[in-house]
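Below is one structure, written out as structure tokens; comments come after it.
No value in this document is a laboratory result; all are computed from the given coordinates. A quick note: this is a predicted structure, and the numbers were derived from the prediction, not measured. All Cβ positions, even for glycine, are placed from backbone atoms using ideal geometry, and neighbour counts span all protein chains on display.
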Ligand code: C2O
Ligand code: CU
């Protein structure tokens, strides 16, 4: 009987070595025949409505800033102009990206969401270590917000950083429903002159069908080749909602130090990002400080965020986000000289093929761990091994050979040091995201809430289970998630 993903820490990489060396590790319940599925109530697990969730929020509030920030959002059908074409889509407040929300670490955010879409929706606050019942997962943490209805999200945002928000229903993220969420650091050293929030997105909605039709096409045309996922050919890639032929221009003075907050809000595209004639210094990943690392280019996968520092030269420079393993790019111009000629959108950048950083290569800042996570580097109490796979003929993406519908929840106990070992047995990139937690990579100690797991690669992560509730763990390729590459992680009651 397979242990459904929970195996010994000594059984590395493959889910094949089952049943070995469980001595000393917590008993596992993932294969229990009596646990009746994962939709709605999950037996034996802490529920979002349990007092422990509210109690923990009270502690966050007591340690917080005391400030409350109120926002409102309306999700509705709209039309946006994408490179001269009118695209009928769904968006927040009629704009793509949606309105940026900004607060400070420790603030309470109260966000009224009105759903004027033709179907139900929710909002998920991606990367925030928030109270479970505000996490925006329908059937798990709340009832979906029906068409025509409203819901008020209300939570403390405990940690500073670059985040974003999006629906957690079907493929709605691949419409225009996404926006930055910036939590400022009250103790920010502020060693920069200007800030630029760069949101990347792969776009097809309203100009080449829509996301639901695209998933049907993928299912119809799936070849059954083992993980040879060529991905979706998007007609256009957007940077802050702008196509390459109508780019955003970021203006600053020569010599300015700029903090770039880079967010990949795409659904099926990893981007390779570089700024012509500049190198970039990574300072934060998924909101959390890293050891500052210089690079020419970096890979940012779906759901990942990078904070970069760059000192600008004199001229006009292309910021290019090239779609990895497919055609197309998103593009913007950085201008410090009014007279310099603008680079062309198709300019070829040497930086893109020099040193290319990606998430597992980052080195953590050894002096920093997110609050409550100081023990994450210790010996694990429980190890969860997840093989990322595909049933190609059905276009089904799998964790340990099962789709979300087929799998039982993964279980941890509060206080456990949890190890999650991913092995990618496909040729696609899978950005693996865990709700409500940040995790530390075992290899080099960097912190993430979403980590790029490359083709045939292994990545091991650890965290302290300190935020009880029902949490989603899934690939942030939203088509992969919708086609099964998703699991529930629950805390034993
Ligand atoms: Cu942005 Cu469940 O994710
Ligand atoms: Cu994936």
Exercise for the section: Would you mind pulling out the separation of the Cα centroids of segment 368-402 and segment 132-175, in Å? Expected result: 22 Å
Fill in the blank from the handout: Rounded to whole angstrom, the alpha-carbon centroid of segment 468-493 lies from that of segment 281-353 at a distance of 31 Å
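For segment 102-190, what D do you get in µm² per second when you plug the Kirkwood radius from alpha-carbon pairs into Stokes-Einstein at 20 °C and 1.002 mPa s?
Working: Rh = 13.6 Å.
Estimated diffusion coefficient is 158 µm²/s.
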Exercise for the section: Relative to the longest principal axis of the C-alpha atoms of the chain, give the angle of the C-alpha long axis of helix 211-221, reported between 0 and 90° and rounded to the nearest 10°. Expected result: 70 degrees
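Determine one quarter of the surface area of the Cα convex hull of segment 163-254, which equals its mean projected area, and express it in nm² to one decimal. Walk me through the intermediate numbers first.
Details: hull surface 37.8 nm².
If you wrap the Cα atoms of segment 163-254 in a convex hull and average its projections, you get 9.5 nm².
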Exercise for the section: Could you tell me which of rounded, prolate or oblate describes the chain, using a ≥ b ≥ c as the square roots of the eigenvalues of the alpha-carbon gyration tensor, with rounded for a/c under 1.5 and, failing that, prolate when a/b is larger than b/c and oblate otherwise? Expected result: rounded
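Once the mean 1/r over all distinct Cα pairs of segment 300-353 is inverted, what Kirkwood radius in angstroms do you read off?
Values: mean 1/r = 0.0779 Å⁻¹.
Radius from the Kirkwood sum: 12.8 Å.
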Exercise for the section: Report the calculated FRET efficiency for residue 342 and residue 256 (r = Cβ-Cβ distance, R0 = 25 Å), to the nearest 0.05. Expected result: 0.85
Fill in the blank from the handout: Sorted largest first, the Cα spans of segment 431-493 on the principal axes come out in Å as 36, 31, 13
Problem - Folded to 0 to 90 degrees: helix 51-62 orientation relative to the chain principal axis, Cα - result: 40 degrees
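Over all directions, what mean area does the Cα convex hull of segment 146-187 project, stated in square nanometres?
Numbers: hull surface 16.2 nm².
Over all viewing directions, segment 146-187 projects a mean Cα-hull area of 4.1 nm².
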